[in-house]
1. Please go through (1) over 17 Å from MET1 (Cα atoms); (2) under 20 Å from the mean Cα position of the chain (by Cα); (3) surrounded by 10 or more Cβ atoms within 10 Å (Cβ to Cβ) for SER109 and return the number of the only condition it doesn't satisfy.
2. I need every pair where a residue in region 41-56 that is free of Cβ contacts under 8 Å to residues at least 60 places away in the same chain has its Cβ under 6 Å from the Cβ of a residue that is in a loop (DSSP other than H, G, I, E, B) and charged (D, E, K, R), sequence separation at least 6 or different chains.
3. Which residue pairs have Cβ atoms closer than 7 Å, lie 6 or more positions apart in sequence or on different chains, and pair a first residue in region 1-15 that is touching a residue at least 60 places away in the same chain (Cβ under 8 Å) with a second residue that is hydrophobic (A, V, I, L, M, F, W, C) and surrounded by fewer than 19 Cβ atoms within 10 Å (Cβ to Cβ)?
4. Can you confirm whether region 56-65 contains a residue that is outside the structural domain of ASP105 (by TED's automatic domain parsing), charged (D, E, K, R) and at pLDDT below 95?
Amino acid sequence: MAQLKTKVKLYLEANSKSWDENKIRLQDDMVDGVSSPYIKTWNVSGLDKPTDSQIASYETAGNTVETNAGIDATRRSQYLDWEQQMEMIYKDQKNGTTTFKDHCDKVRSDNPKG
């Protein structure tokens, strides 16, 4: 299940607005161990606070955004640091090889996006 913040950000983007911590506050008054996040403060000029059904309509897109963010984090850790990347690029140019490209292709194929 996508987080409320993710769905609110998608709602804002769909309405040409962006997240602003000073104008939107989310809260979760956990009751009996059950999470119930909600929008506590909404001060977005020119855009009404979304209804529950409007927020719910972003569930699938929110799941995709969150899944892809995890995949991006995994890819970043597997691409190696910039010094190693530059060394691969240098050696590829010097030797006419494709080590860097092959490495990047493997990271992407091992961690595909949906």
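The values are calculated or read from the model by the stated rules, or taken from the named source; none is laboratory data. Fair warning: this is a prediction, and the values are worked out from it, not measured in the lab. Glycine gets a Cβ as well: all are built from the backbone with ideal geometry, and neighbour counts include every protein chain shown.
1. Every condition holds for SER109 apart from (3).
2. TRP42/LYS49; ASN43/LYS23; VAL44/LYS17; VAL44/LYS23; LEU47/LYS17
3. Taking only residues 6 or more apart or on different chains, the pairs are THR6/VAL65.
4. The answer is no, given that none of the residues of region 56-65 is outside the structural domain of ASP105 (by TED's automatic domain parsing), charged (D, E, K, R) and at pLDDT below 95.
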